[in-house]
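The values are calculated or read from the model by the stated rules, or taken from the named source; none is laboratory data. No experiment lies behind these values; they were computed from the predicted model shown. Reconstructed Cβ throughout: ideal geometry from the backbone, glycine too, with neighbour counts over all protein chains shown. Accessible surface is based on the protein model in full, side chains and every heavy atom, while ligands, DNA and RNA are left aside. Shrake-Rupley method; radii C 1.70, N 1.55, O 1.52, S 1.80 Å.
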Amino acid sequence: MTAAQIIDRVLLGGLVLVLIISIGVHLYDVDVFSLQFANEDGAVEYATAFALLFCSMTFVSHAGTLRRRGMILAAICTAFYGLLFFMGAGEEVSWGQRIFGWESGEFFMENNKQYETNLHNLVVGDWHLAKTVFGTGLTTVILLYLVALPLLYPRVGLIQRLADKFAIPVPGLRHTALAIAGSLVIAAMDQSRKWEVYELVFGLLMLSIIVLPQNRDQTR
């Protein structure tokens, strides 16, 4: 078994464990779930930030490998993916604002619904960035990526060529199965803080995909 396979199994095992613990805590006491387990600045939120940061670091490492192999477009795309995940990690903890205790600027105090320095909670008039950009549209893209792409990649030549050309890590069917299982678990919970767990599940799932995708030879 290779190192990548071992890491993949550890990550997916951790994902399953997160879901089991989440179900247990939720059934035990919904208040404990929302106020201690999945609370703001809690273990789940910071674990998500670390998972996204490791995704970013892994992408950057792979970009360097692709550049040395002469796959320049793939390297550029991969570095860009790394930047996106770095921004996701920063957004998750408001760029360290609550950790280091610095104040938001005037713009964010006036236009951020939580008065924090981040983009996903921006509200300008009736326009809410989280609902516009990170809402239904992004959810649809993620579901297509996790459910449709793994099925289409081996069967549709055009999709395979595009995914390889732009170094998009293609999930395996194990990722699809866990994405569906995780979605069903989260959907069954009746409380708002469940989305913090969903974000952690996504972070662990993405890290596993980046480490061991279907098209590993084209992405690292």
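Figures for the structure shown
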{"quantity": "Axial C-alpha extent at least 18 Å, average Kyte-Doolittle at least 0.0 - helices from the chain (DSSP)", "calculated": "3-28, 43-68, 72-92, 173-188, 194-211"}
{"quantity": "Relative counts (whole %) of C-alpha pair distances in the chain, using bins that are 10 Å wide", "calculated": "8, 29, 36, 21, 6, 0"}
{"quantity": "Size-normalised alpha-carbon gyration radius of region 30-71, reference 2.2 N^0.38 Å", "calculated": "1.86"}
{"quantity": "Contact order normalised by residue count of the chain, Cα under 8 Å, 6+ apart, percent", "calculated": "30 percent"}
{"quantity": "For the chain: accessible area per residue (Å², 1.4 Å)", "calculated": "54 Å²"}
{"quantity": "Cα gyration tensor category, rounded, prolate or oblate, for region 1-115 with a/c compared to 1.5", "calculated": "oblate"}
{"quantity": "5 angstrom amide H check on residue 172, placed H, neighbours 5+ away", "calculated": "214"}
{"quantity": "Accessible area (Å², 1.4 Å probe, nearest 10) - residue 57", "calculated": "100 Å²"}
{"quantity": "Estimated FRET transfer efficiency (residue 142, residue 40; beta-carbon r; R0 35 Å; 0.05)", "calculated": "0.90"}
{"quantity": "Percent accessible area from carbon and sulfur atoms, the chain, protein chains only, probe 1.4 Å", "calculated": "68 percent"}
{"quantity": "Simple spin-label estimate for residue 184 and residue 61 in nanometres, 7 Å along Cα-Cβ", "calculated": "3.3 nm"}
